[in-house]
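What follows is calculated from the coordinates using simple rules that are stated; it is not laboratory data. All figures in this text were calculated on a predicted structure; none of them were measured in a lab. In this analysis, Cβ positions are derived from the backbone assuming ideal geometry, glycine residues included, and neighbour counts consider all displayed protein chains.
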Amino acid sequence: MTEILANPPIDRTVAAMRWRVAGWRQASERVALVPTMGALHEGHLTLVKAAREKALRVVVSIFVNPAQFAPNEDFAAYPRTEDSDLAALSGLGVDAVFAPNVEEIYPAGFVTAITVGGPSEGLETSFRPHFFGGVATVIAKLFIACAPDAAIFGEKDYQQLLVIRRMAADLSLPVEVIGHATIREADGLALSSRNAYLTPAERATAPALNKALVRAGSAIRAGAPVARVLSAASLDLKAAGFRVDYVELRNAETLAPVVDFKTEKLRLLVAAWLGKTRLIDNIAV
Ligand code: AMP
């Protein structure tokens, strides 16, 4: 065991982060990374605890990545709560926080991007076409800066998890990409930094998103026709006050459209708006 630091040190530059990790790696200490955009909640903290079980050294990155927000999205408004994030991480056995500023990650003249096909096709990409290019590029940079042996991602962002896993495999990055189950409120709502945007009335409606998924998942398992189940779920969500981007059933390992409902592993994914807040969720079927 290493000493648990009450307040983990913060590295603001790639060079400082690399230097710190290099020391650990030289001592053959395994390193796990938990990438986040801050505004930490119990979902993130659960990933941190899982990371500690996977490696002797844990790095949490906090970086609100402008490249994954379109100009009309909430980059400027996204909650930035570094002081309370650091307080939330204290005592959890985090060995370092990597919290660079935008110029450190995207210096003047930056023009490189990583494009991932396969699992990035459709779903989020149909509504946020810029999104996975920004995610893949920043995660590749975080992997290079932090040189982790493993990185933990939440299944809450299931398509993101598969895109990162595909990218790591395709680029032969020596990082094990580990998924962790979604952490939920007691009423089923997946924890999300964006839940803070919900008005009290919207918060009261929000659990209907997970309920619609669970109901649709049971109907599909029971053999109901998939197209009918998905359109019923969409109508239920609209009736509850959501604006639905998609409700789709995909192959759980590739996110390709399902060819054989009987033999493939299935994942049901949804994205829908409540007022100005976009929520996503997914379940295994
Ligand atoms: P974010 O800060 O929203 O970019 O999320 C950082 C990481 O935490 C991602 O891997 C997310 O999938 C994960 N995460 C966010 N919310 C949850 C949740 N409710 N349960 C599990 N993981 C989560």
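Any number yet on Rg/Rh for the range 35-82, C-alpha, Kirkwood? List each step's numbers first, then the result.
Numbers: Rg = 12.9 Å, Rh = 12.1 Å.
Using Cα coordinates only, the ratio equals 1.07.
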Report summary line: Of 234, 120, 218, the most mobile residue in a GNM of the chain (C-alpha springs, cutoff 10 Å) is 218
**Report entry** Test item: Cα-centred dipole of the range 180-285, Lys/Arg +1 and Asp/Glu -1 on Cβ, debye
**Finding:** 120
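To the nearest 20 Debye, how big is the dipole of the range 1-99 about its Cα centre, given +1 on the beta carbon of each Lys and Arg and -1 on that of each Asp and Glu? Spell out each step's value before the answer.
Working: 10 positive and 11 negative charges, 93 e Å.
In debye, rounded to 20, the range 1-99 gives about 440.
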**Report entry** J(HN,Hα) series, the range 171-180, from Karplus relation 6.51 cos²θ - 1.76 cosθ + 1.60, nearest Hz, glycine and proline x
**Finding:** 8, 6, 6, x, 10, 7, 9, 10, x, 10
Query - Rounded to 5, percent antiparallel among DSSP beta bridges of the range 126-279 - result: 70
**Report entry** Expected 222 nm ellipticity per residue - DSSP helices of 4 or more, -39500 (n - 2.57), all of the chain, to 500
**Finding:** -11000 deg cm²/dmol
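Report the antiparallel proportion of the DSSP beta bridges in the chain as a percent, rounded to a multiple of 5. Before the final figure, lay out each step's value.
Numbers: 18 of 36 bridges.
The antiparallel proportion sits near 50 percent.
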Query raised in the report: Cα-based Rg of the range 157-285 per 2.2 N^0.38 Å, rounded to two decimals?
Result: 1.11
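Tell me the Kirkwood radius of the chain: reciprocal of the mean inverse pair distance over distinct alpha-carbon atoms, in Å. Don't skip to the end; give the middle numbers.
Details: mean 1/r = 0.0504 Å⁻¹.
So the Kirkwood estimate lands at 19.8 Å.
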Report summary line: When the charge dipole of the range 113-186 is computed with +1 at the Cβ of Lys and Arg and -1 at the Cβ of Asp and Glu, the Cα pointing farthest to the positive end, of 125, 186, 168, is that of 125
Requested in this report: List the residues whose amide H sits under 5 Å from the amide H of residue 30, counting only those 5 or more places along or on another chain, with H placed 1.01 Å from N in the peptide plane.
Outcome: 56, 57
Report task. Mind checking which aspartates and glutamates have their Cα closer than 20 Å to the Cα of residue 54? Skip sequence neighbours fewer than 8 apart in that chain. Result -> 3, 29, 42, 95, 149, 155, 176
Report summary line: Subtracting the Cα-Cα distance of residue 28 and residue 240 from 0.36 nm times their residue separation yields 71.0 nm
Query raised in the report: Length gain on complete extension for the stretch residue 12 to residue 126, per 0.36 nm per residue less the alpha carbon to alpha carbon distance?
Result: 37.6 nm
**Report entry** Most mobile of 84, 192, 172 in a GNM of the chain (Cα contacts under 10 Å)
**Finding:** 172
Query raised in the report: Among all the lysines, which ones have a C-alpha under 16 Å from residue 238's C-alpha, if same-chain residues fewer than 8 places away are not counted?
Result: 211, 276
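Which whole-number percent is the relative contact order of the chain (Cα, under 8 Å, 6+ apart)? The partial results should precede the final answer.
Numbers: 499 pairs, mean separation 50.7, N = 285.
Relative CO of the chain lands at 18 percent.
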**Report entry** Size of charge dipole - the range 116-267 - debye, nearest 20, with Cβ of Lys, Arg +1 and Asp, Glu -1, no other charges
**Finding:** 380
Query raised in the report: Which residue, 238, 262, 54, tops the fluctuation ranking in a GNM of the chain built on C-alpha contacts under 10 Å?
Result: 262
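What helices does the chain hold that run 20 Å or longer along their axis, going by alpha-carbon atoms, with a Kyte-Doolittle average of -0.5 or more, using DSSP H for the helix calls?
Values: long enough: 131-146 (22 Å, 2.01); 226-240 (21 Å, 1.02).
TM-like helix candidates: 131-146, 226-240.
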